[in-house]
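Asker: For reference, the structure I am asking about is given below.
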Amino acid sequence: METAAGSAGKERKPHGTARKRTRSSDQTAGDLISHLPDDVLGTIISLLPTTDGCRTQILSHRWCHLWHSAPLNLEVRTRLPSFLPTAVPVSAVAKIISQHPGPVRRFCFQCPLPGDAEVESWLDSRALANLQELDIGYEYLSKYQARNFFDNHPTRYPLPQSAFRSASTLLVAKIKTFSFPDAITPSMNFPLLKELSLHYVSFSGDVFHRLLSGCHALESLYMLQVHAAGCLRVSSPTLRSIGFRDTSGGKAELLIEDAPRLQRLVLPLCGLNVCVNIRVIWAPKLEILGPFSPGLLPIFQVMSPVSSANSIRTVKVLALGCSNNHQLNAVLDVLRWFPCLGKLYVTFHGHYWMFKQNEHQLQPIECLQIHLKKVVLRLFNGCEGQVEFARFFVLNTKVLNKIEFQGWGYNDEFVARLHTLLKVEERASRDAQFEFRNTCGCIDYHVSKHIHDLSVADPFRLPETVFDG
């Protein structure tokens, strides 16, 4: 019996060893990421912030050597607030650049005040010679502080010449709170740059024109409160999207001279700015426009051989930001410019609207008769003026599929009352559906956040949805 038991024990030992091997094999098989090639893993690490990329060394022996060769995602801030734990302090930058064998893929430097000289030495280093993304500027400056800074220091802190040392490899560039000196123009040649953001920068109109002329692959341009001496002239064969936002109160003029591929002209926060002048001469593929105030209709000149002087047939999506001193007539005047409009957004920037209709405004409007299928009314609280505004579209839009109301506090009682006030039984389109959505999303924030995302078919559409009635 004892011999048999010993024999059985000997038989169980290899069985237990096999079980451990099987468990270990299962764990290895479950780690599919580590089976990827080194270059793929290096790309994954390069997309992480520097501190997180460094921590990948503890995952396994397989990952130890990858960190040393992976391109860095280097984000530097002189102050490290608690909500930015992934940034590295200034004191560590020189050591990281000198000791890390791999290149730097992205370099983000945000200093609290102008005049930090260390950044120039970093930009001159060989490690930053082939950047793909550059984000450089001053942090913690509100729009009012930035405006005051330029009023008092219009040319004191020019963009360093070394900032564009990697111009030949840059894909994304974001420049904030700098002035562009004329001497920097010879280095502005960007064969690969696709996204360019200019925030609180100053330059002459000629420098801006030469900057765009040096961008041979640019697809998306976003300008936030730029200070230009002269008109901002845009001429680009590659641009697909322009974002322009000016809230300084000063005179701003944007002239789109030649943009044959331009599809989107997005104007966050321009709805309430009476100092913006936008002229479009040639943009034959423009489909998305706004938001702007009805009183600030951009000036469109002849855009294509089939366009008349008072209509733009290419625009399909339009957003309007209306204050409480605008009447329905002003909105209808805008709609006459866009006979092929398919989707309309209107944001009410006021609680008490008084709408008046003159008899001449009852003349047919082409988009209401043939093309307009969706209307979205934002910040809709059900006051008398807003109900009258909505009822006009219910009773006069012939092919309407949906009218969507966005606000807060919607419930079944509110929806039932509004159906009666809107006279939905008399609607011009029998296919029209009515949706009520509780949402607190801000269209300007949403548009600005996704300003460069060209995969978004409709940049004005908010994803937040709580209540459907």
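The values are calculated or read from the model by the stated rules, or taken from the named source; none is laboratory data. Since this is a predicted model, take the numbers as computed values, not measurements. Ideal geometry is used to build each Cβ from the backbone, glycine not excepted, and the neighbour counts take in all protein chains shown.
Conditions tested, residue by residue: (1) of a type in the set (V, I, T); (2) closer than 30 Å to G137 by Cβ; (3) at pLDDT 70 or above.
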{"residue": "E11", "(1), (2), (3)": "no, no, no"}
{"residue": "H15", "(1), (2), (3)": "no, no, no"}
{"residue": "I44", "(1), (2), (3)": "yes, yes, yes"}
{"residue": "C64", "(1), (2), (3)": "no, no, yes"}
{"residue": "N73", "(1), (2), (3)": "no, yes, yes"}
{"residue": "R79", "(1), (2), (3)": "no, yes, no"}
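Asker: Moving on to the next point. May I ask you to verify whether G469 is surrounded by 14 or more Cβ atoms within 10 Å (Cβ to Cβ) and either at pLDDT 95 or above or within 33 Å of the chain's Cα centre (by Cα) (or both)?
Answerer: So G469 fits the description; yes.
Asker: Filter the range 210-239 down to the residues that are out of contact with any His (no Cβ under 7 Å at 6 or more places or on another chain) and charged (D, E, K, R), then identify the one that is nearest to S179 (Cα to Cα).
Answerer: R210
Asker: Which members of the range 227-242 meet the condition of being surrounded by fewer than 21 Cβ atoms within 10 Å (Cβ to Cβ) and at pLDDT 95 or above?
Answerer: S235, P237, T238, R240
Residue-wise test of (1) in contact with a helix residue (DSSP H, G or I) (Cβ under 6 Å, 6 or more places away or on another chain); (2) in contact (Cβ under 8 Å) with a residue 40 or more places away in the chain.
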| residue | (1), (2) |
| --- | --- |
| K373 | no, no |
| F380 | yes, no |
| E388 | no, yes |
| R391 | yes, no |
| V394 | yes, no |
| N401 | no, no |
| Y410 | no, yes |
| R437 | no, no |
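Asker: Give me the residue from the range 293-338 that is among the β-branched types (V, I, T) and modelled with pLDDT of 65 or more and, out of that set, surrounded by the fewest Cβ atoms within 10 Å (Cβ to Cβ).
Answerer: Per the criteria, the residue is I299.
Asker: Here is a further query. Using the structure shown, decide if H446 is in contact (Cβ under 8 Å) with a residue 12 or more places away in the chain and out of contact with any Ser or Thr (no Cβ under 8 Å at 6 or more places or on another chain).
Answerer: yes
Asker: So is L262 within 19 Å of L224 (Cα to Cα) and modelled with pLDDT of 90 or more or not?
Answerer: yes
Asker: Here's something else I'd like to know. Test W353 against the stated conditions and say whether it is of a type in the set (A, V, I, L, M, F, W, C), in a loop (DSSP other than H, G, I, E, B) and at pLDDT 90 or above.
Answerer: no
Asker: If I go through the range 182-210 residue by residue, how many of them are of a type outside the set (F, W, Y) and closer than 22 Å to L454 by Cα?
Answerer: Looking only at that region, the number is 9.
Asker: Would you kindly identify the helices (runs of 4 or more DSSP H) lying entirely within the range 380-458 that contain at least 3 residues that are modelled with pLDDT of 90 or more?
Answerer: Answer list for the range 380-458: 384-396, 412-422.
Asker: Then there's this: If a residue must be surrounded by fewer than 20 Cβ atoms within 10 Å (Cβ to Cβ) and not charged (D, E, K, R), how many such residues does the range 190-201 contain?
Answerer: Within the range 190-201, residues that are surrounded by fewer than 20 Cβ atoms within 10 Å (Cβ to Cβ) and not charged (D, E, K, R) number 2.
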